[in-house]
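Please read the structure below before turning to the comments.
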Amino acid sequence: MRKTRSVCPVCGRNLPALLQEQPDGSIHLIKECPEHGAFSVPVWHGAVDFAAWTAGAESMQENEGMQCPSACGLCNAHQQDSCCVLLEVTNRCNLHCRYCFAHGGESTAADPAKETLITAIDDITHRCGRPTLQLSGGEPTMRQDLPALIAHAKKRGCAYVQLNTNGIRLAEDPAFAEQLADAGLDYVFLQFDGVHDSIYQSLRGDLLLEYKQRCIDHCGRAGLGVTLVPTIVPGVNDREIGALTAFAVKHIPVVRGIHFQPISYFGRHPGRVGDEEYPRYTLDQLIRDIHQQAGIPLDAFVPSRCDHPLCGFHASFMEGGEGHLLPVTKRSASPSSCRTTAAQNREFIGSRWSLPHDNIGSASPLTEPSHMGKNSAQPCVDVMDLDEFVWRMRHRSFTLTAMAFQDAMNLNIERLRRCSLHVYDRGKIMPFCAKYL
């Protein structure tokens with residue numbers, strides 16, 4: 001269906017690759033290494049029309065992408081600026097998850113010095129303007145000086161500061177959540193894989209649901225919006241998506257949305273690349289499962305217009321009473337034809353994931369203005385009432401988004417060159433999937 005380039009999953013050599021339709025309607029990425037043989041991996045299962053989803057995405061030309069990703073940074077061939085830049089502030093972690101792109105908790109190296117991280121933040125803002133800065137690890141809340149790093153990032157002009165966390169410390173220490181909010185933290189990216197402890201036991205090695213719930217409560221009281229971030233692993237939590245969505249909607253406005261991450265096999269994971277017992281869970285399968293389990297219309301999901309359409313989707317909603325989600329996005333006939341800049345994407349996401357200031361201090365949903373919600377049995381609001389529409393879009397908005405990361409088997413350099421999620425690594429700014437490959 002289109003030509004691209006990839007890498008050998010054994011030796012990392014840059015290879016020509018094809019996206020080819022199979023007899024069952026799925027799309028496979030196919031490549032062959034002269035030393036290690038042929039490889040084929042599904043990247044689309046046909047639950048959503050592939051051609052329509054990728055319409056407008058520019059395909060690679062004959063001699064493009066020849067040096068990717070071995071010489072990767074933001075070179076002249078890269079097609080997108082930085083929307084979000086990830087900075088690892090520690091290797092330490094208070095968990096040892098079966099799946100971890102960063103091998104959290106394995107290194108015995110000391111944390112980067114505070115001065116080193118201050119210099120890195122200065123360099124990021126100098127080169128990237130006003131990005132979202134994602135503080136990650138390991139588990140970043142293990143650093144006592146995290147509030148000072150957040151305050152410096154805001155002082156240097158980062159549009160948003162985002163914390164990537166498992167939530168344990170924020171559950172145990174509500175005062176620390178307050179300190180982070182006071183320092184300028186905008187929102188929390190909370191590892192949240194489901195609503196049953198058996199899921200956390202399988203993926204994270206511990207019973208964590210109570211910690212997750214307390215973390216959400218403490219963040220709400222501190223004025224921090226929370227986006228739930230589940231890693232979706234087939235056979236573990238792919239049938240829990242409906243329950244997860246219902247939990248998130250119940251916790252609006254503190255929970256601002258769900259950012260799904262279908263499993264990718266890089267970093268620490270329990271198998272080897274290409275093992276059949278670790279099946280692929282593709283973006284279109286995720287859309288189908290949200291549709292079937294949570295009742296979300298298929299056309300509410302819009303392909304990424306900042307990154308490549310195969311990298312992710314977004315769907316925006318307002319809550320219309322009794323947990324009913326009203327879509328405010330709708331996929332057009334040519335979904336990828338309208339490109340957005342990294343700056344536009346950053347403001348779109350940041351404004352939705354941050355908690356409105358007049359919600360601060362409330363861990364539970366705010367009461368509607370007196371002229372609204374007069375008929376509690378009516379699940380849908382009057383969206384023709386401008387006041388009600390504006391109030392709900394501010395206080396009762398919700399997003400479903402996804403990022404399908406790439407590993408050595410399914411790396412598609414056509415996708416990589418449009419990446420806007422970057423990682424700062426010892427002076428280099430790299431696309432996320434190139435860094436963790």
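The values are calculated or read from the model by the stated rules, or taken from the named source; none is laboratory data. Note that the structure is a prediction, hence the values are computed from the model and not measured. When we count neighbours, we look across all protein chains shown, and the Cβ atoms used for this are built from the backbone with ideal geometry, even at glycine. Ligands, DNA and RNA are excluded from the accessible area calculation, which covers all protein heavy atoms including side chains. Shrake-Rupley method; radii C 1.70, N 1.55, O 1.52, S 1.80 Å.
Just one of the listed residues (P230, P234) is closer than 17 Å to E139 by Cα and either open to solvent by 30 Å² or more (accessible area, probe 1.4 Å) or not hydroxyl-bearing (S, T, Y) (or both), namely P230. Number of residues in the stretch 420-435 that are part of a loop (DSSP other than H, G, I, E, B), open to solvent by 20 Å² or more (accessible area, probe 1.4 Å) and in contact (Cβ under 8 Å) with a residue 40 or more places away in the chain equals 1.
Does R239 satisfy the criteria of being open to solvent by 20 Å² or more (accessible area, probe 1.4 Å) and either under 30 Å from A408 (Cα atoms) or part of a strand (DSSP E or B) (or both)? Before you say what the answer is, go through the steps one by one.
On the way: open to solvent by 20 Å² or more (accessible area, probe 1.4 Å): yes; either under 30 Å from A408 (Cα atoms) or part of a strand (DSSP E or B) (or both): yes.
Judged against the criteria, R239 is a match.
Within the stretch 348-364, the set of residues being modelled with pLDDT of 55 or more and open to solvent by 50 Å² or more (accessible area, probe 1.4 Å) comprises F348, S351, R352, H357, D358. Screening Q67 against (1) open to solvent by 70 Å² or more (accessible area, probe 1.4 Å); (2) modelled with pLDDT under 95; (3) closer than 30 Å to Y211 by Cβ leaves a single unmet condition, (3). The criterion of being over 30 Å from A153 (Cα atoms) and open to solvent by less than 70 Å² (accessible area, probe 1.4 Å) does not hold for G73.
Hey, can you tell me all the residues within the stretch 205-236 that are over 25 Å from M318 (Cα atoms), part of a helix (DSSP H, G or I) and of a type outside the set (A, V, I, L, M, F, W, C)? E210, Y211, listed by residue number. Going through (1) among the aromatic types (F, W, Y); (2) touching a strand residue (DSSP E or B) at 6+ places or on another chain (Cβ under 9 Å); (3) under 27 Å from A110 (Cα atoms) one by one, F192 falls short only on (3). Return the residue satisfying two criteria in turn: it lies in the stretch 31-75 and is over 19 Å from A408 (Cβ atoms) and outside any loop (DSSP other than H, G, I, E, B), and of such residues it is nearest to the chain's Cα centre (by Cα). Checked the stretch 31-75; the qualifying residue nearest to the chain's Cα centre (by Cα) is W53. F50 passes every criterion in (1) of a type outside the set (K, R); (2) open to solvent by 30 Å² or more (accessible area, probe 1.4 Å); (3) touching a Phe, Trp or Tyr at 6+ places or on another chain (Cβ under 8 Å) apart from (2). Filter the stretch 116-147 for residues that are open to solvent by 10 Å² or more (accessible area, probe 1.4 Å), charged (D, E, K, R) and either assigned to a helix (DSSP H, G or I) or under 19 Å from A102 (Cα atoms) (or both) and give the result. Residues satisfying the conditions are D122, D123, R127, R143. The residue of the stretch 290-325 that is most open to solvent (accessible area, probe 1.4 Å), among those that are in a helix (DSSP H, G or I) and touching a Phe, Trp or Tyr at 6+ places or on another chain (Cβ under 9 Å), is H291.
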